[in-house]
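Nothing in this text is a laboratory measurement; each read-out follows from the coordinates by a stated rule. Predicted, not measured: the structure shown is a model, and the values here were computed from it. Cβ sites come from the backbone with ideal geometry, for glycine too, and all protein chains shown count toward neighbours.
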Amino acid sequence: MAKKLSHYDDAGRARMVDVSGKSVTKREAEASAFVEMTPAVLAALPQNPKGDPLEVARIAGIMAAKRTAELIPLCHPLPLALIDVDLRVCENGVAITSKVATSAETGVEMEALVAASVSALTVYDMCKALDKGIAIREIVLERKSGGKSGEYRRGK
């Protein structure tokens with residue numbers, strides 16, 4: 001049987017998926033993003049007059065994950081048990097990872113992706129005065145577990 005898009009009814013109208021018949025299970029998701037920047041911008045991170053860009057971005061990602069249902073129209077509001085955002089300076093930018101967990105009827109992939117995305121946007125905002133050419137790249141779902149569709153790992 002071919003897969004179909006679940007956010008549309010038989011008439012093609014957008015709809016919120018009914019998850020009321022699904023079981024509450026533990027669900028986790030991990031996402032990542034990369035903010036590419038020059039060595040000069042990387043070197044200036046500790047002296048940013050707006051504060052520590054990585055810490056501000058980490059908090060922004062956590063806050064954003066909690067508001068995913070307000071940002072993505074057909075997402076369900078979920079009780080999030082864990083939101084973890086990590087930012088790591090690399091030689092050509094900042095690597096961001098997010099992990100989100102819940103016990104609910106639906107997964108937290110969107111919450112993990114929103115956390116990584118908003119963290120990346122915040123790094124850009126905190127550093128754009130130095131270089132408007134900073135690039136946000138590779139926002140991806142790395143892993144998810146739980147629910148009917150089971151385990152997913154990127155590249156496997």
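Computed over the chain, the per-residue total of -39500 (n - 2.57) for DSSP H runs of n ≥ 4 gives a 222 nm mean residue ellipticity of -8500 deg cm²/dmol, rounded to 500.
Computed over every Cα-Cα pair of region 25-145 and binned at 10 Å starting from 0, the pair-distance distribution P(r) comes out as 16, 46, 26, 11, 1 percent. Working from label points 7 Å from Cα in the Cα-to-Cβ sense, the Met16 to Lys66 distance is 2.0 nm. Per-residue Karplus couplings for region 64-76, computed as 6.51 cos²θ - 1.76 cosθ + 1.60 with θ equal to phi - 60°, are listed in order as 5, 4, 5, 10, 4, 5, 7, 9, 9, x, 9, 7, 7 Hz, Gly and Pro entered as x. The packing ranking, built from the mean of other Cβ atoms within 10 Å per residue, places the peptides 139-145, 27-33, 73-79, 126-132 in the order 27-33, 139-145, 126-132, 73-79, highest first. Calculate, in nm to one decimal, what Ala81 and Ala95 gain on full extension: separation in residues at 0.36 nm each, minus their alpha carbon distance. Value of the extension gain: 2.7 nm. The count of lysine pairs in the chain with alpha-carbon distances below 22 Å, taking only pairs 8 or more places apart or on different chains, stands at 25.
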